[in-house]
1. Looking only at residues in region A:203-253 that are in contact (Cβ under 8 Å) with a residue 40 or more places away in the chain and among the small types (Gly, Ala, Ser), which one is surrounded by the fewest Cβ atoms within 10 Å (Cβ to Cβ)?
2. Go through A:ILE110, A:ILE120, A:ILE74 for me and flag whichever is under 19 Å from A:MET192 (Cβ atoms), in contact (Cβ under 8 Å) with a residue 40 or more places away in the chain and under 17 Å from the mean Cα position of the chain (by Cα).
3. Within 30 Å of A:LEU88 (Cβ to Cβ), touching a residue at least 60 places away in the same chain (Cβ under 8 Å), within 12 Å of chain B (Cβ to nearest Cβ) and in contact with a Ser or Thr (Cβ under 7 Å, 6 or more places away or on another chain): is that true of A:SER173 in this structure?
4. Checking the condition touching a strand residue (DSSP E or B) at 6+ places or on another chain (Cβ under 9 Å) and either within 27 Å of A:THR221 (Cβ to Cβ) or not acidic (Asp, Glu) (or both), which residue from A:PHE147, A:PHE165, A:PHE154, A:PHE184 passes?
5. Residue check: is B:GLN126 outside the structural domain of B:VAL42 (by TED's automatic domain parsing), of a type outside the set (Ser, Thr, Tyr) and crowded, with 16+ Cβ neighbours inside 10 Å?
6. Given B:LEU221, B:LEU194, which one is in contact with a Lys or Arg (Cβ under 9 Å, 6 or more places away or on another chain) and surrounded by fewer than 19 Cβ atoms within 10 Å (Cβ to Cβ)?
7. Condition (residue is away from chain B (no Cβ under 13 Å), touching a Gly at 6+ places or on another chain (Cβ under 6 Å) and crowded, with 20+ Cβ neighbours inside 10 Å) applied to region A:137-155: is it met by at least one residue?
8. For region A:198-253, which residues satisfy the criterion of being within 14 Å of chain B (Cβ to nearest Cβ), part of a loop (DSSP other than H, G, I, E, B) and either under 23 Å from A:ARG177 (Cβ atoms) or of a type in the set (Phe, Trp, Tyr) (or both)?
Amino acid sequence: MMNKKIIFPIITLFAILLIWQLLVYFSIINSLFLPAPLTIAKSLIKNTDYFLGSIGITIKHILIGYFIGIGLAIPLGLVFGWKKNIELTFSPIFLVISTIPVVTFLPIFILWFGLNEIPIYLCSIIAAFFPAFLNTFHGVKKIDKSFIEVAENFKIKSINKRIIFPASLPYISNGLRQAIQITFLVTPPAEMIMGDIGLGGFIWKSADLFKLELVILGMVTLGIIGFSLFKIYDFIEKKYLLKWMNVRKDAEN
Amino acid sequence: MLKIKKLSKSFENLEVLRELSFNVNEKDFISIVGPSGCGKTVLLKIISGLENPTKGEVVINKGVNPIIIWQDFRLLPWRTVYENVLLPLEEKEIRDKIKKVSDLLKFIGLEEFKDYYIHQLSGGMQQRVALARALIIEPKLLLLDEPFSNIEWRKTQEFYEELKRIQEKKKLTVIQITHDIPNTLKYSDKIIVLSQRPARIKAVFSNIKNNEEMQKRILNLLEPDEEVI
């Protein structure tokens, strides 16, 4: 069964690549606008260093932005959820800011901080922050109050740590997943706008030079990075964050 | 160990309890019966200190920390059986917590399930976990909120027997809210019958065990209300 799961998609992938290669080979598609797979592979070998360097930079932008973003979002979300007055005071402002498309912050960040990596990091941080913040905040508000009564009955002092945080973890985790998705969507375009940096810059610059094989290479690579990040997140969630939700119900007796 | 004096409770305009007074002695097994929704759970919360009475008072002996076993158990789903039972001890500075929990799980018969999560257990087993979690801090007074409404009737008998065994051994005082009249007659030292809301004490019965005359009187008193339910 496991074999089919792996083999079938690989067959499909090779079939597509083969048809693509043939279409270009027989000039049904103009190779200027869609280079053949083999051309792309060759260009990868020629530009390995530049390409790998760009991958590293993009992953660095995504991960640093992500961890700073969620690092700010979770504590703030918890506080907003617990403290009614803070929620009332600040949540309208936060909600408005959260709806602004993140990339539109870039011009103002460039004016403030210059043409360097800081504007990209800031966009990644904002991209990660809001989904994590909003989900944490809603999670805390939706907590089953009966758990808090249990803790009070046992005279437990650190209710936040023992009840509120773990009880809202399913929501927080949902926020962390959205955060990685949105950070991933926002970071490469920010790099494109900034120019020669990361995979976004790699793609933009290659298009400028009309090297479409490198553009496609960059796009496919981003797809693979995104897919891997989401899979890694799923694994962490299942194995650690929400282990209890993923345990089979098999102890009935 | 516990004296309830003219206790009343209202929520805004809704009067729930009206001038309840009764005493509870050590090692009593007391059952409170009455129509659904008459405010019995509120009474348990007031005794445990989770709610304040509107009028009247609850006088509890020093060092008695009443623990509620909730109708829906309220076990923490993100914790294993072991971790749930450990919860009340986590902030306490005592030695051998791990051994204490293990011993209790053995005593309650849950040892082999200690690493299971709550949703993996049957209702009856969840109830035993809830009981273990309450017993781990060695409370003197246990408050049970309709303890048997979420488990099969067959298991109810077993649980009562177990509760009695534990009560003897740990010198517990038990107050339970219940609709299970047959078992209530069999096990209770005292039965307090409440009226419709606002709940008042309709009658208090003692010396019930093996007293058929008394049991008949209780059944007669309960019947009209049971029909209302």
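1. Across region A:203-253, the extreme among qualifying residues is A:GLY226.
2. Details: A:ILE110 fails: under 17 Å from the mean Cα position of the chain (by Cα); A:ILE74 fails: under 19 Å from A:MET192 (Cβ atoms).
Result of the check over A:ILE110, A:ILE120, A:ILE74: A:ILE120.
3. Here the answer is no, as A:SER173 does not meet what is asked.
4. Values: A:PHE147 fails: touching a strand residue (DSSP E or B) at 6+ places or on another chain (Cβ under 9 Å); A:PHE165 fails: touching a strand residue (DSSP E or B) at 6+ places or on another chain (Cβ under 9 Å); A:PHE184 fails: touching a strand residue (DSSP E or B) at 6+ places or on another chain (Cβ under 9 Å).
Every option except A:PHE154 fails the conditions.
5. On the way: outside the structural domain of B:VAL42 (by TED's automatic domain parsing): yes; of a type outside the set (Ser, Thr, Tyr): yes; crowded, with 16+ Cβ neighbours inside 10 Å: yes.
Taking the combined requirement at face value, the residue satisfies it.
6. So the residue among B:LEU221, B:LEU194 that is in contact with a Lys or Arg (Cβ under 9 Å, 6 or more places away or on another chain) and surrounded by fewer than 19 Cβ atoms within 10 Å (Cβ to Cβ) is B:LEU221.
7. yes
8. A:LEU242, A:VAL247, A:ARG248
The values are calculated or read from the model by the stated rules, or taken from the named source; none is laboratory data. This is a predicted model, so every value here is computed, not measured. Here Cβ is always computed from backbone atoms with ideal geometry, including for glycine, and neighbour counts include all displayed protein chains.
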